[in-house]
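The values are calculated or read from the model by the stated rules, or taken from the named source; none is laboratory data. If you're wondering where the values come from, they're calculated on a predicted model, not measured in any experiment. Heads up, the Cβs are rebuilt from the backbone with ideal geometry, glycines too, and the neighbour counts pull from every protein chain shown.
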C-alpha cells in the first residue's frame, strides 16, 4: 500500500515542501512506494515555490482511510491532522515542534523531533550522502522551506544548522539567498485574492489556553499595511470563524518580516487583557505593536495567558 506523506492543515511552505522531499527519499532511495499529499490548499508562498521549481502540487485530501500507511511531517499535533489519524498506520514522525501527545501508533515507529527552525533541516541531515542524488527541484523545495521557516534567518527559532544547510543548498543551486527570499516573501505578502476568513485560517494553529480554545493565526509579510488596511473587516470576521472552528477566539498576529515586529489585532477586552498579560503591552486601541515578536512557536504560544 502506498505511504502518504503529509504535514499539517493550512499548509505553509514547510508543510508543502517537506512531504515532497520525504516522498522522494522513500521512493528513490529507500525503494518504498510513497506519495506527498496536502491537507488543504497551500498558501501563496508555497504555491510560488511549486511554480518556481516546476513541482507538481500534491493532491489535496481531507480524510485518510483507516490502515493507510502514513508519515507525518512538520507537526505531531492531532488537532492539525485528520480526525481519524489514529486509525491510520503511522510509520514515522519528523517534526520541529514541541511534543503534544495524543497520537497512537500500531507499533514502534521512527520519531525524530529536533529543536531547529525547519523540518527540511532535519531531513537534510537524515538523507545525508544521498543528497547527492536529489533532483534540483527537490533541493529548491528544501531551500525554500528553510528560508520560509527562518524568515531568512531573522526568526529567533533559527539555528546554525538551519543557516549552514540553507547556504550549502543555495551554493549547490547557484541561488542568491537574499534575492530569492525577497521573491518568496513578496509572494507570501500578496493576500489580495483572499477573503477575511481565508486570511484568518491561512497560517493558523489551534491551541488551548487556560480552558479556552484559540485559533492562533500568523500572517508573515513584507507589506503589513496591505493586511492592516483590512483590519476592520478582519475583526468583524473573527467571531464567525471562531464559531465555525469551535474556538472561543481568533488571535491574529501580523508579522512584519523586515521590521521584525508583530501587530496583534485587538477586537475585545479578552484579547486586550491577553496582550497585557502575555507580552507586557499596553493595548488602548484595536491594534498593538509587539517589537521583536516573530515566532508563534517560540515567542507567542509559550507566552499566552488569559
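So is residue 283 touching a helix residue (DSSP H, G or I) at 6+ places or on another chain (Cβ under 8 Å), over 23 Å from residue 11 (Cα atoms) and surrounded by 18 or more Cβ atoms within 10 Å (Cβ to Cβ) or not? Walk me through how you get there before you give the answer.
Details: touching a helix residue (DSSP H, G or I) at 6+ places or on another chain (Cβ under 8 Å): yes; over 23 Å from residue 11 (Cα atoms): yes; surrounded by 18 or more Cβ atoms within 10 Å (Cβ to Cβ): yes.
Here the answer is yes, as residue 283 does meet what is asked.
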task = Mind listing just one residue for me: the one in the range 52-67 that is out of contact with any helix residue (DSSP H, G or I) (no Cβ under 9 Å at 6 or more places or on another chain) and at pLDDT 95 or above and, of those, farthest from residue 17 (Cα to Cα)?
result = 61
message = So, in the range 57-86, exactly how many residues are out of contact with any strand residue (DSSP E or B) (no Cβ under 8 Å at 6 or more places or on another chain) and surrounded by fewer than 15 Cβ atoms within 10 Å (Cβ to Cβ)?
response = 6
query = residue 160: farther than 24 Å from residue 56 by Cα and either surrounded by 14 or more Cβ atoms within 10 Å (Cβ to Cβ) or out of contact with any strand residue (DSSP E or B) (no Cβ under 8 Å at 6 or more places or on another chain) (or both), yes or no?
reply = yes
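Residues of the range 95-117 being crowded, with 20+ Cβ neighbours inside 10 Å and in contact with a helix residue (DSSP H, G or I) (Cβ under 6 Å, 6 or more places away or on another chain), which ones?
96, 116, 117
Inside the range 23-65, can you point out the residues that are within 17 Å of the chain's Cα centre (by Cα) and not in a helix (DSSP H, G or I)? Even if it seems obvious, please write down each step before you answer.
Start the filter on the range 23-65 by keeping residues that are within 17 Å of the chain's Cα centre (by Cα), which leaves 36-50, 57-58, 60.
Listed by number, the residues that qualify are 36, 37, 38, 39, 40, 41, 42, 43, 57, 58, 60.
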request  = Considering (1) modelled with pLDDT of 95 or more; (2) surrounded by 15 or more Cβ atoms within 10 Å (Cβ to Cβ); (3) farther than 16 Å from residue 44 by Cβ, say which one residue 135 fails and leave the rest.
outcome  = (2)
message = For residue 208, only one of the following conditions fails: (1) within 28 Å of residue 100 (Cα to Cα); (2) loosely packed, with under 15 Cβ neighbours inside 10 Å; (3) under 22 Å from the mean Cα position of the chain (by Cα); (4) at pLDDT 95 or above. What is its number?
response = (4)
note = Scanning the range 163-200 for residues that are in contact with a helix residue (DSSP H, G or I) (Cβ under 8 Å, 6 or more places away or on another chain), surrounded by fewer than 21 Cβ atoms within 10 Å (Cβ to Cβ) and within 24 Å of residue 301 (Cβ to Cβ) gives 163, 189, 191, 194, 196, 197
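Here are some residues: 292, 280, 285. Which one is out of contact with any strand residue (DSSP E or B) (no Cβ under 6 Å at 6 or more places or on another chain) and within 27 Å of residue 95 (Cα to Cα)?
Values: 280 fails: within 27 Å of residue 95 (Cα to Cα); 285 fails: within 27 Å of residue 95 (Cα to Cα).
Matching residue, one of 292, 280, 285: 292.
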ask   = Is it the case that the range 75-84 has a residue that's modelled with pLDDT of 95 or more, in a loop (DSSP other than H, G, I, E, B), touching a helix residue (DSSP H, G or I) at 6+ places or on another chain (Cβ under 9 Å) and farther than 28 Å from residue 298 by Cα?
value = no
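Name the one entry in 262, 237 that is part of a helix (DSSP H, G or I), buried (at least 18 other Cβ atoms within 10 Å of the Cβ) and not assigned by TED's automatic domain parsing to the domain that holds residue 79. Show your work before the answer.
Values: 262 fails: part of a helix (DSSP H, G or I).
Answer to the selection: 237.
Where residues in the range 286-304 are under 26 Å from residue 114 (Cα atoms) and in contact with a helix residue (DSSP H, G or I) (Cβ under 7 Å, 6 or more places away or on another chain), which of them is surrounded by the most Cβ atoms within 10 Å (Cβ to Cβ)? I'd like the intermediate steps shown before the answer.
At the first step, the residues of the range 286-304 found to be under 26 Å from residue 114 (Cα atoms) are 292-304.
Now restrict to residues that are in contact with a helix residue (DSSP H, G or I) (Cβ under 7 Å, 6 or more places away or on another chain): 293, 303-304.
Details: 293: 24, 303: 13, 304: 19.
Taking the candidates together, the pick is 293.
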